[in-house]
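Colleague: Just passing along the structure, written as structure tokens.
The values are calculated or read from the model by the stated rules, or taken from the named source; none is laboratory data. All values derive from a computational prediction rather than experimental measurement. We place every Cβ from the backbone using ideal geometry, glycine too, and count neighbours over all the protein chains shown. Keep in mind that these areas ignore ligands, DNA and RNA; they rest on the heavy atoms of the full protein, side chains included. Shrake-Rupley method; radii C 1.70, N 1.55, O 1.52, S 1.80 Å.
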Amino acid sequence: MADTARNAPIQESVSDLDEINARLEGRAPEEVLTWATQRFAPDVILTCSFQHDGVALAHMLTTIAPWVPIVFLNTGFHFPETLDYRDEIVSRFGLKLREVGPSMPRDEFAQRHGLDLYRRNPDLCCQINKVEPLRAALEGVKCWMNGRRRDQATTRGAIAIVERYEGGIHKVNPMAAWTAADTYRYMQEHSIPQHPLFEKGYASIGCAPCTRPILAGEDERAGRWSGTGKTECGIHTLLKPA
Ligand code: SF4
């Protein structure tokens, strides 16, 4: 994309969401990031769990809008490999990382709920360790960018590029129309290292107790909360559509 396009001020209203989505559909993620960061600056964040889509977006932001905070929800249950990968990517890209975690201290969580709460009540575990920390991190935010793709799961098949929620928050999904292959190609073209568990069959990587490698033919997110019927942690259903 030309620098002139990247630097052009955006004065438009976001009142006509349908028109904006029609215009942004089919555009490269870099163009969507440019629109969102210019339209909502400075109240913009990117959430990144250091899976490949979020990492690719964080890499794009290093040239488009390096001031955007990269928010990492540290549940305390991540794989050590994820934390090492986070550190490597943050150092390599010089990211402005904002790590957020649960307000309940880990000792209190263990005493009140047990560290195996994920087995007995994964929804409550996610609520305490992911949803509530993100709710706090969204205070004052007007634009929440993230790396969801439509091809990740049937439940994500209809996400729009821009979604509007109560409180005036706009969730922006620059990768909505990309496939896993598109992200892989971007990583290769920019010599970005992959998450070390990816090669071991982990196509979608969340907390260690709730993630397994996928089998041939399974959906990308089939290894998340496998066998429980749970498909989302709750952070993407936390906000009510406006
Ligand atoms: S993904 Fe599992 S371990 Fe992580 S917060 Fe949710 S239930 Fe707890």
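Colleague: What is the angle, in °, between the Cα long axis of helix 180-189 and the longest principal axis of the Cα atoms in the chain? Nearest 10 is fine, range 0 to 90.
Modeller: 70 degrees
Colleague: Another one. Over 23 Å between Cα atoms: which of Lys130/Lys200; Lys130/Lys171; Lys130/Lys240; Lys142/Lys240; Lys96/Lys171 fall into that group?
Modeller: Lys130/Lys200
Colleague: What number comes out for accessible area per residue over the stretch 70-193 if the probe is 1.4 Å? Units Å², please.
Modeller: 48 Å²
Colleague: For n ≥ 4 DSSP H runs only, could you compute -39500 (n - 2.57) per run for the chain, divide by its residues and tell me the 222 nm figure to the nearest 500?
Modeller: -9500 deg cm²/dmol
Colleague: Moving to a separate point now. Specify which residue in the list Ile235, Met145, Ala180 is farthest towards the positive end of the charge dipole of the chain, using unit charges on the beta carbon of Lys, Arg (+1) and Asp, Glu (-1), about the Cα centre.
Modeller: My answer, from the dipole projection, is Ile235.
Colleague: From the phi angles alone, apply the Karplus equation (6.51, -1.76, 1.60; θ = phi - 60°) to the stretch 145-158 and give each ³J(HN,Hα) in whole Hz, x where the residue is Gly or Pro.
Modeller: These are the phi-based 3J(HN,Hα) values: 9, 7, x, 5, 10, 5, 8, 6, 6, 4, 5, 10, x, 10 Hz.
Colleague: Residue separation times 0.36 nm, minus the C-alpha to C-alpha distance between Asp116 and Ala216: what's the value?
Modeller: Length difference between fully extended and current span is 33.1 nm.
Colleague: Rounded to the nearest 0.05, what FRET efficiency do Val100 and Thr237 give with R0 = 22 Å and r taken as the Cβ-Cβ distance? Could you check?
Modeller: So the FRET efficiency works out to roughly 0.75.
Colleague: Which of these, Pro105, Pro122, Pro42, has the largest mean-square fluctuation under a Gaussian network model of the chain (Cα springs below 10 Å)?
Modeller: In the Gaussian network model the winner is Pro105.
Colleague: If you roll a 1.4 angstrom probe over the protein chains with everything in place, what fraction of the accessible area of the chain belongs to carbon and sulfur, to the nearest %?
Modeller: Working: 5800 of 11540 Å².
Answer for the chain: carbon and sulfur cover 50 percent of the accessible area.
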